[in-house]
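The values are calculated or read from the model by the stated rules, or taken from the named source; none is laboratory data. Model, not experiment: these values are computed from the prediction. So basically every Cβ, Gly included, is an ideal-geometry build from the backbone, and we count neighbours across all protein chains shown.
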Amino acid sequence: GGGGGGGDDEEPAPEPAPKPVAGWKGWQDRVAADPQFVYKVVIEQVIGVSASVVGDMASRPNWGLKELDFVFATLVVGSIVNFALMYLLAPVASASGAGAQLGLVQKVFGEHYLRAWAAPTGHMFEPGFALGARAVNFAYKGAVFAFIGMCAGLVGTATSNGLLELRKKMDPAFQPPNQPPSVLGNASCWALHMGVSSNARYQMLNGLDMVLQPLVPSSAFRVVTSVIRGLNNMIGGISFVMVAKALGVQKAAEPAPPPEPVGKGKKKKK
């Protein structure tokens, strides 16, 4: 049995690697950094978008039943915006190796520049920062939010307008109830809304998460954050309609004048 002589030189067996998370690398990195990430994305896409549409419809006359084309545009853009925000702004597990190179997208949407400017890398309420550093975080996140809103607004509005045009070609008798919103105008409105309203609500929501998560059990935290995120998106839907109406981006068609009563205008015989 001379085969056992080399046993002392053998390296110890490596520990089994953790079970990989399904999805592409960027998704896996985000799940590794935040185990609640998948749940938060599902909440944002299902409850969040639904609540946003409810808020959008509630702020329109007659619950938006005569402005369903505008509501549909909000649904499309809102779905893109919510996923983009959750994905691009989520924390990412650190790459192995100190010299790992970051791409431009990772630098802009990650922590690179905020860390270089000694500002909070997540939200403005992170402990241990001066007021000026918190203001830098708010301004930077606002610019990122506005950029995402502009891009999502361009894609989403063009998509919803294109679907309406496709329906008109398939059904020549169909006429949209309202003038389709300008792609550039609606996208600019989304950029303004995201940079100001959504940014402010994002900061407050994450600050509240920071306080509640260590104090509340995981199951209870999921319920609480679901309710809070639903209300947050409902408020977002209402605020977007207010901005769009104020800027004249979405104009509902004027109601048709009521028909004149029969015989009105005829001169009575003397």
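Any residue that is part of a loop (DSSP other than H, G, I, E, B) and surrounded by 11 or more Cβ atoms within 10 Å (Cβ to Cβ) - is there at least one of those in the stretch 129-152? Talk me through it step by step, then tell me what you get.
Of all residues in the stretch 129-152, those part of a loop (DSSP other than H, G, I, E, B) come to 129-130.
In the following step, the residues that additionally are surrounded by 11 or more Cβ atoms within 10 Å (Cβ to Cβ) were identified as 129.
Yes; the residues of the stretch 129-152 include at least one that is part of a loop (DSSP other than H, G, I, E, B) and surrounded by 11 or more Cβ atoms within 10 Å (Cβ to Cβ).
Return yes when residue 256 is at pLDDT below 85, surrounded by 13 or more Cβ atoms within 10 Å (Cβ to Cβ) and among the hydrophobic types (A, V, I, L, M, F, W, C) and no when it is not. Judged against the criteria, residue 256 is not a match.
Looking only at residues that are of a type in the set (Phe, Trp, Tyr) and under 17 Å from residue 82 (Cβ atoms) in the stretch 22-58, which one is surrounded by the fewest Cβ atoms within 10 Å (Cβ to Cβ)? Only one residue fits best here, namely 39.
Give the residue that is farthest from residue 83 (Cα to Cα), with candidates limited to residues of the stretch 171-214 that are of a type in the set (S, T, N, Q) and part of a loop (DSSP other than H, G, I, E, B). I'd like the intermediate steps shown before the answer.
So in the stretch 171-214, the residues of a type in the set (S, T, N, Q) come out as 175, 178-179, 182, 186, 188, 197-199, 203, 206, 213.
Subsequent filtering for residues that are part of a loop (DSSP other than H, G, I, E, B) retains 175, 178-179, 182, 213.
Numbers: 175: 32, 178: 28, 179: 28, 182: 23, 213: 22 Å.
Among those that are of a type in the set (S, T, N, Q) and part of a loop (DSSP other than H, G, I, E, B), it is 175.
For the condition under 22 Å from the mean Cα position of the chain (by Cα) and assigned to a helix (DSSP H, G or I), residue 158 qualifies. Looking across 38, 105, 53, one residue alone is part of a helix (DSSP H, G or I), more than 16 Å from the chain's Cα centre (by Cα) and β-branched (Val, Ile, Thr). It is 105.
Before we move on, is residue 175 in contact (Cβ under 8 Å) with a residue 12 or more places away in the chain, surrounded by fewer than 19 Cβ atoms within 10 Å (Cβ to Cβ) and over 21 Å from residue 44 (Cα atoms)? Answer is no for this residue. Exactly one residue out of 59, 50 is of a type in the set (Gly, Ala, Ser), in contact with a Phe, Trp or Tyr (Cβ under 9 Å, 6 or more places away or on another chain) and at pLDDT 70 or above: that is 59.
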